[in-house]
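The values are calculated or read from the model by the stated rules, or taken from the named source; none is laboratory data. Everything numeric in this text was worked out from a predicted model, so none of it was measured. Positions of Cβ are backbone-derived with ideal geometry, glycine not excepted, and every protein chain shown enters the neighbour counts.
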Amino acid sequence: MTRIPSVEALEDLRATLKKTLHPKRRAVTVCRSTGCTAHGSGAVIAAFQEELAKGNLLEEVEILITGCHGFCEKGPIVVIRPEEIFYHSVAPEDVPEIVEHTVKNGEVVERLLYTDPQTGEKILRERDIPFYKHQERVIFGSNGMIDPTRIEDYIAIGGYSALAKALGMDPEDVIEEVKKSGLRGRGGAGFPTGRKWEFTRNAPGDLKYIICNADEGDPGAFMDRSLLEGNPHVVLEGMLIGAYAIGASKGFIYVRNEYPLAVNHIETALEQMRRYSFLGESILGTDFSFDLAIYRGAGAFVCGEETALIASIEGRAGEPRSRPPYPAQSGLWGNPTNINNVKSWANVTHILREGADAFCTVGTETSTGTMIFSLVGKINNTGLVEVPMGITLREMIYKIGGGIPKGKKFKAVQTGGPSGGCIPEHLLDLPVDYDKLTEVGAMMGSGGMIVMDEDTCMVDVARYFVNFLKDESCGKCTPCREGLYQMYEILDAICSGKGKEEDLALLEEVAYAMKDGSLCMLGGTAPNPVLTTLRFFKDEYTAHIKENRCPAGVCKALIRYHINPEVCTGCGLCQKNCPQEAISGEDRNPRAIDPEKCIKCGICIDVCTFHAVEVI
């Protein structure tokens, strides 16, 4: 690696890399994200190395280790290029067959192809699979094309050309381009990014900082982690552009220590950037100088809030402070500071490379571009999806997500992380953008989306998220600290069959007091799960309180298990598997459950193949 002294030298290097980087005729790409690693992709890579070496093919075929493709439940994912043959759920024992048939002879191993559950059709290429077909992978699409530990791969596909373009502009013009794009913060608040930059640039002070907020703490969310694992340079390039526009000389990446692969890839990227002089003095031969450092967070959810994050970097307890002054005025160590989310910085790279006008052609008038969501829960296709702003919830859940498993009925989708709202079935055609979600009491958040089916108790869901936030509240302000505790106690009582009618009014009263009086947005948005479930699913609260019944059969205090004698065949599986010996009966005769002994563990339901066990 050598220093790149100018923009011209960068373009010369790019042209050389395009010719020499991947000279081999064929490539086997294997996903090595956290998800695919958990599925065993490390062993698959080792098997490919062994099998290709055995056939003396290592000089002809490249093994390209890539980041996340998004379809996480189908890992390990292998794509054979240039044909783009997509294989999923690949095991080490499948590798000899892939090498023999596909790599050597160009034949397809059909059993490893994706099968469309609706049509039964075998699908050859990734882009034709319904999960991908309805996405617009602007930011996430490069993950499967590069090795995230090789800066050369990123440069070859156009990396750092956006930085070169920005360095040829006045800083104010860069800010105007970002403002023109309409980009709004992808971390949850949705504040216009260009205006935020402008405030920081115009703030008095010679020393300014920028920060990448990678403190991703929402349950079920892993978008930022996967982007940093699979393509850290697209985020870091955006930070360089932002630093130049704002006039910052130092930046920090605040990333969770629970993300070891992301941290490792960022560290590798920073080391390579310094060698190529993308960091340090006189970047690309200009008078722009800038450096970046990693700060590892300890896993406090509240540190996703800007002022709490700043306090953590400064070595203090991660607690928010009152605003103003805002970080743009007085942030890290009292200096003007700009904080943006991982996805926001990645979008900056795209905007400067393609132009604000092109960016605005995707999305809606007030929510431009694409958004990356983690689509999880009771849905057939789980994973990361990148879609244009304005797509409907129905399209996401049914076209991309493949609908609800086991023929169950959709009940709700919760968007925006633990502080988001629960959206019911009659709002499935709601466009997904900042304003529309806010109108129904939900929020965009950082992109978490949890799907729930008919077997989900919405009171229990509200209790779950309030309990999570209760434990994650820093406790600094009374409305949040006491409000979350009180809401949890009320919800727990309702789920335990001890609720009272007046509890519902009290829940709303506490919720609005928290919204009005909390110091930061953790407390200000924490009531959303409660308020939206009260608004859209009040009948379930009423059933718990007035009828002493949980309609979804979830709250243990309000249900009991019963074996239908007309359906039971007397096979005895439930009796053999019951850990409490609560089931009695003779062979080939219907069984019965003793409610005094039953602990409602659900094992009897799981093992009964005749659906004789009922929850009543």
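Tabulated data for the structure shown
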item: Glu271 being free of Cβ contacts under 8 Å to residues at least 24 places away in the same chain, within 30 Å of Gly168 (Cα to Cα), in the same structural domain as Glu229 (by TED's automatic domain parsing) and out of contact with any His (no Cβ under 6 Å at 6 or more places or on another chain); result: yes
item: First in segment 378-389 and free of Cβ contacts under 8 Å to residues at least 60 places away in the same chain, second anywhere and among the small types (Gly, Ala, Ser) and not in a loop (DSSP other than H, G, I, E, B), Cβ under 8 Å, 6 or more apart; result: Met389/Gly363
item: Residue, farthest from Glu59 (Cα to Cα), within segment 18-33, restricted to residues that are of a type outside the set (Lys, Arg) and either in contact with a Gly (Cβ under 8 Å, 6 or more places away or on another chain) or modelled with pLDDT of 85 or more (or both); result: Ser33
item: Residues satisfying the stated conditions in segment 389-406, i.e. touching a Ser or Thr at 6+ places or on another chain (Cβ under 6 Å) and crowded, with 22+ Cβ neighbours inside 10 Å; result: Met389
item: Residue match in segment 541-548 (condition: closer than 19 Å to Glu439 by Cα and either touching a Leu at 6+ places or on another chain (Cβ under 8 Å) or of a type outside the set (D, E, K, R) (or both)); result: no
item: Which listed residue, of Lys133, Lys196, is touching a strand residue (DSSP E or B) at 6+ places or on another chain (Cβ under 7 Å) and basic (Lys, Arg); result: Lys196
item: Unique match (being under 26 Å from His69 (Cα atoms), of a type in the set (S, T, N, Q) and over 32 Å from the mean Cα position of the chain (by Cα)) among Thr20, Thr16, Thr29; result: Thr20
item: Residue, surrounded by the most Cβ atoms within 10 Å (Cβ to Cβ), within segment 491-530, restricted to residues that are small (Gly, Ala, Ser) and within 15 Å of Asp460 (Cα to Cα); result: Gly499
item: Total residues in segment 585-612, condition more than 18 Å from Ala557 (Cα to Cα) and within 44 Å of the chain's Cα centre (by Cα); result: 7
item: Counted residues, segment 180-196 - those being in contact (Cβ under 8 Å) with a residue 40 or more places away in the chain and either surrounded by fewer than 24 Cβ atoms within 10 Å (Cβ to Cβ) or more than 26 Å from the chain's Cα centre (by Cα) (or both); result: 5
item: Residue that is surrounded by the most Cβ atoms within 10 Å (Cβ to Cβ), among those in segment 420-442 that are without any contact (Cβ under 8 Å) to a residue 12 or more places away in the chain and charged (D, E, K, R); result: Lys436
item: Some residue of segment 49-59 being in contact (Cβ under 8 Å) with a residue 60 or more places away in the chain and surrounded by 15 or more Cβ atoms within 10 Å (Cβ to Cβ); result: no
item: Selected residue (only one of Gly416, Gly407, Gly420, Gly369 is out of contact with any Asp or Glu (no Cβ under 6 Å at 6 or more places or on another chain), more than 14 Å from Gly447 (Cβ to Cβ) and among the small types (Gly, Ala, Ser)); result: Gly407
item: Members of segment 116-129 that are surrounded by fewer than 14 Cβ atoms within 10 Å (Cβ to Cβ) and of a type outside the set (D, E, K, R); result: Pro117, Gln118, Thr119, Gly120
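Residue by residue, here is whether (1) modelled with pLDDT of 95 or more; (2) in contact with a Cys (Cβ under 9 Å, 6 or more places away or on another chain); (3) surrounded by fewer than 13 Cβ atoms within 10 Å (Cβ to Cβ); (4) in the same structural domain as Glu425 (by TED's automatic domain parsing) holds:
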position: Glu540; (1), (2), (3), (4): yes, yes, no, no
position: Gly553; (1), (2), (3), (4): no, yes, no, no
position: Asn564; (1), (2), (3), (4): yes, no, no, no
position: Ile583; (1), (2), (3), (4): yes, yes, no, no
position: Glu586; (1), (2), (3), (4): no, no, yes, no
position: Pro595; (1), (2), (3), (4): no, no, yes, no
position: Lys600; (1), (2), (3), (4): no, no, no, no
